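Here the structure is laid out as structure tokens; the discussion comes afterwards.
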Amino acid sequence: MSSNRIFTDIANRVAHAAGLPLTFMMCCAAIVIWGSTGPLLHFSDTWQLIINTGTTIITFLMVFLIQNTQNRDGAAIQAKLDELIRVSKGRNLFIGIEHLTEEEVEEFRQRCERAARKAGHSVAGKAMPDAG
């Protein structure tokens, strides 16, 4: 299994898990537990550092994972729309391509553009001559 596939799978799972109600409730519980330990630890610098460090690390990592997921979703949606426009009836082959790696989605997008050029349709707003 390639490193891109592994990263894509992890990014999908983390992004999905981050949006679950249970995840939100667990984060709220962690904050309540942390807050309730404040008086026991005399609201020390270490006590404050724990929450600051933890939330910073989680936020830093989530930004990259969620951005990766959104980039792939956007590219996959665009490829699907391109196919619907090109043939006016989409092919089942395009269903679920948002779960592919960026390279695989890019190949679908390029395939749509080649087919549009071959049919003499415009690509990126420019009329293309017949390729064939």
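Just so you know, all these numbers are worked out from the coordinates, no wet-lab data involved. Just so it is clear, the structure is predicted and the values come from calculations on it, not from any experiment. Note that each Cβ is placed from the backbone with ideal geometry, even for glycine, and that neighbours are counted across all protein chains shown.
What is the gain in length, in nm to one decimal, between ASN71 and LEU49 on full extension, counting 0.36 nm per residue of separation less the C-alpha to C-alpha distance? Don't jump to the answer; show the numbers that get you there.
Numbers: separation 22, 0.36 × 22 = 7.92 nm, distance 3.30 nm.
The ASN71-LEU49 span can extend by a further 4.6 nm.
For the stretch 49-66 and the stretch 75-121, what is the separation of their C-alpha centers, rounded to whole Å?
If we compute the Cα centre of each part, the gap is 35 Å.
Round to the nearest 0.05 the FRET efficiency obtained for ALA119 and VAL32 when R0 = 41 Å and r is the Cβ-Cβ distance.
Working: r = 60 Å, r/R0 = 1.46.
Result of the calculation: an efficiency of 0.10.
Stretch SER2-LEU93 to full length: gain in nm at 0.36 nm per residue minus the Cα-Cα span?
Working: separation 91, 0.36 × 91 = 32.76 nm, distance 2.25 nm.
Gain in length upon complete extension: 30.5 nm.
I want to check the label-to-label distance for GLN78 and HIS42. Put each point 7 Å from Cα in the C-beta direction and report it in nm to one decimal.
5.8 nm
Where does the longest stretch of the chain lie that holds no trypsin sites (Lys or Arg not before Pro) found in a DSSP loop with 13 or fewer other Cβ atoms within 10 Å?
On the way: sites that count: LYS89, ARG91.
With a cap of 13 other Cβ atoms within 10 Å, the longest stretch comes to 1-88.
For the chain, what is the calculated [θ] at 222 nm in deg cm²/dmol (nearest 500), taking -39500 (n - 2.57) for each run of four or more DSSP H residues and dividing by its residue count?
Rounded to the nearest 500, it is -24500 deg cm²/dmol.
Using the Kirkwood radius built from alpha carbon pairs, what does the Stokes-Einstein equation give as D for the chain at 4 °C and 1.567 mPa s, in µm² per second? It would help to have the intermediate numbers written out before the result.
Details: Rh = 18.3 Å.
Value of D from the Cα-based Kirkwood radius: 71 µm²/s.
Could I have the simple spin-label model distance between PHE24 and GLU106, label points 7 Å from Cα toward Cβ, reported in nm to one decimal?
So the two model labels end up 3.6 nm from each other.
Calculate how steeply helix 21-36 sits against the longest principal axis of the alpha-carbon atoms of the chain, using the helix alpha-carbon long axis, and give the answer as 0 to 90 degrees to the nearest 10.
So the inclination is approximately 30 degrees.
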